[in-house]
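Below: the structure, in structure tokens.
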Amino acid sequence: MVENLIETQNIEFKESWQDEHLKTICGFANASGGCLEIGRNDKGDIVGLSQAKKLMEELPNKIKNGMAIIADIDFHSIPHPSPSTHTSWEGQDIGKEYISIKIGSYPFPISYRGVYYIRSGSTTQELTGNALDEFILRKQGKTWDGVPMPYVTVDDLERDALRFFRKKALESQRLSKEDLDIDNAQLIQNLTLTENNYLKRAAILLFHQNPEYWIPGAYVKIGYFETGADLIYQDEIRGPLISMPDRAIETIYVKYLKGIISYKGLQRIDSYLVARSALREALLNAVVHKDYSTGVPIQIKVFPDKVIVFNTGGLPENWTVETLLSTHSSVQRNPFIAEGFFRSGMIEAWGRGIEKIMLACREYDKPLPIFSSNKSGTDITFNGEIYNENVGENVGVNVGENDFVEKYQIKYTKKYPLKYTLNDTQNKIINIMTKKPEITIDKLATEIGLTIPGIKKNIDQLKKAGLIKRNGSRKTGSWIIPQNEHLLDTQKYPIKYPIKYPLNDTQIKIIDVLEKNPEITIDKLATEISISIPGIKKNIDQLKKAGLIERKGSNKTGYWEVKKQ
């Protein structure tokens, strides 16, 4: 045989007909079309088909009744060449028959017996759950982030997030001052984030203070690991998507990555495990391309020698990692989210995200990242060296040094407070050890009402996190609570109910005013900050729930107490 055929995305071989093969036809119709040839083995060799002419009569009705579609069915007999291959058949038995069934791609979803199938590579797969939802939306010309959502309005969106967008868009010149000098409702409409007077999912994700109320998993989780499973500490960056990448990157470079300080003449140079611009681009890529229907957050794992960025958005259909790394056009899973980030100036619309990551790594002389993708999602691994803290007179590690940490603590802990990760038992342990450094494990278990093994397990975790140390023997020693300078203030004990979401600019202003003038009334506070009274009350309620402020006394004669976190 001169011909050498293999099964592909658009070609499938079967030695004989079974009604089960209607699933393959359904899969072709839901993908880019294809051809099913009956009478060939897996290698593409023609083995012949008995009763081929009878099948020619039965198959059109089977396909039409099972899926309500029409296929092009052809009968072939050697030595006649296949119309699709135009190949000669030297050396094969004359008279062998086979059938080819050609199916085009359909613009609407096709099901077989109520089940949807799609062609992926050289296999046919059943579509279920989130994959089925996304498939049906795309067949209808919609995307997941473009679905309208009831019960939420423009007034529910966070004004600080919209101000952040306006600032970024103006700085990048993607939008003019005239484009931005409009009310929020008109801005959201101009960004095509509404449909039939409803906000689209993208609008909620981009600009709502708590998008997780509607869309679980819409946040970034960051963790520091010594080894594969040894989590030391973690943070969760929540709130509006539009500012999430900047907040996450700031958290990583302030708290998670060690910076090597060197000097070129009088110029100070900070070098990190991963180039900041490369990691920022990787995170933006994850935020824009994530599959938000899964409920799984973006995950950033920081190790001493590498950083891994993972999101649940797989590659586009028929793409491989090689496709991703080659020159390609932009294929957007979430076009409305992408448009918001594009208009803000944070991303481009030409599919250059991966290219920019590579360029940044080369510019800072870092190893190129490793990309991998499967059904669960896509990850980018940035490999590097474990920094040696003794690297010469003019070089030092800046994490833990007061001049570095203090530079960011005031701004960072006020504006972007982080969720505390210790459990209630660990909080109690630290509080008791602070008051009674000489307490034994037995007495600690009795006081907290927990078993001794349970106390030991929590103490081991606190030791690994560097939150407690034991000085001396078990009987005569004492517990030491270090300062934990590598952690920000809002992560230190004994905060039991920390702020879950970042403070907005209005809430920061309120706290600053209350600290200077505790007797101020809500009316005067609204006037001083230039915000409506309902707006002031809404933000004050949130600050009260977060435990950051408390009203002492009556509304007229009382005062505000700002809690020191």
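Applying a threshold of 9 Å to beta carbon distances and a minimum spacing of six or more residues, or different chains, the list of pairs starting in segment 43-57 at a residue that is assigned by TED's automatic domain parsing to the domain that holds residue 100 and in a helix (DSSP H, G or I) and ending at one that is of a type in the set (D, E, K, R) and crowded, with 17+ Cβ neighbours inside 10 Å reads 52/97; 53/97. Filtered by the rule that a residue be within 25 Å of residue 114 (Cβ to Cβ) and acidic (Asp, Glu), segment 32-71 gives a lone residue, 58.
Does residue 231 meet the test of being out of contact with any helix residue (DSSP H, G or I) (no Cβ under 7 Å at 6 or more places or on another chain), aliphatic (A, V, I, L, M) and closer than 24 Å to residue 308 by Cα? Talk me through it step by step, then tell me what you get.
Numbers: out of contact with any helix residue (DSSP H, G or I) (no Cβ under 7 Å at 6 or more places or on another chain): yes; aliphatic (A, V, I, L, M): yes; closer than 24 Å to residue 308 by Cα: yes.
Here the answer is yes, as residue 231 does meet what is asked.
Considering each of 197, 184 in turn, give the residue that is free of Cβ contacts under 8 Å to residues at least 40 places away in the same chain and closer than 18 Å to residue 240 by Cβ. Write out each step before concluding.
On the way: 197 fails: closer than 18 Å to residue 240 by Cβ.
Among 197, 184, only 184 is free of Cβ contacts under 8 Å to residues at least 40 places away in the same chain and closer than 18 Å to residue 240 by Cβ.
Condition (residue is of a type in the set (Gly, Ala, Ser) and surrounded by fewer than 20 Cβ atoms within 10 Å (Cβ to Cβ)) applied to segment 206-217: is it met by at least one residue? Yes, segment 206-217 contains at least one residue that is of a type in the set (Gly, Ala, Ser) and surrounded by fewer than 20 Cβ atoms within 10 Å (Cβ to Cβ).
Just a yes or no: is a residue in segment 133-143 in a loop (DSSP other than H, G, I, E, B) and among the hydrophobic types (A, V, I, L, M, F, W, C)?
Keep residues of segment 133-143 that are in a loop (DSSP other than H, G, I, E, B), which gives 140-143.
If we keep only those that are among the hydrophobic types (A, V, I, L, M, F, W, C) as well, we get none.
No; the residues of segment 133-143 include none that is in a loop (DSSP other than H, G, I, E, B) and among the hydrophobic types (A, V, I, L, M, F, W, C).
In segment 30-41, how many residues are surrounded by 12 or more Cβ atoms within 10 Å (Cβ to Cβ) and either touching an Asp or Glu at 6+ places or on another chain (Cβ under 7 Å) or not in a loop (DSSP other than H, G, I, E, B) (or both)? Adding up the residues that qualify gives 8.
Entry remark, segment 459-476: residues being β-branched (Val, Ile, Thr) and more than 42 Å from the chain's Cα centre (by Cα) number 1 in total.
Residue by residue, here is whether (1) assigned by TED's automatic domain parsing to the domain that holds residue 227; (2) in a helix (DSSP H, G or I); (3) not basic (Lys, Arg) holds:
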position: 434; (1), (2), (3): no, yes, yes
position: 437; (1), (2), (3): no, no, yes
position: 443; (1), (2), (3): no, yes, no
position: 446; (1), (2), (3): no, yes, yes
position: 456; (1), (2), (3): no, yes, no
position: 459; (1), (2), (3): no, yes, yes
position: 463; (1), (2), (3): no, yes, no
position: 466; (1), (2), (3): no, no, yes
position: 474; (1), (2), (3): no, no, no
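Of all the criteria given as (1) assigned to a helix (DSSP H, G or I); (2) closer than 20 Å to residue 313 by Cα; (3) at pLDDT below 95, the one not satisfied by residue 215 is (1). Annotation: of all residues in segment 549-565 being among the charged types (D, E, K, R) and part of a loop (DSSP other than H, G, I, E, B), the one that is modelled with the lowest pLDDT is 564.
Considering only segment 43-59, I want to know if a residue exists there that is within 44 Å of the chain's Cα centre (by Cα) and surrounded by 17 or more Cβ atoms within 10 Å (Cβ to Cβ).
no
The values are calculated or read from the model by the stated rules, or taken from the named source; none is laboratory data. Keep in mind the model is a prediction, meaning the values are calculated, not measured. Every residue, glycine among them, receives a Cβ derived from its backbone with ideal geometry; neighbour counts consider all protein chains shown.
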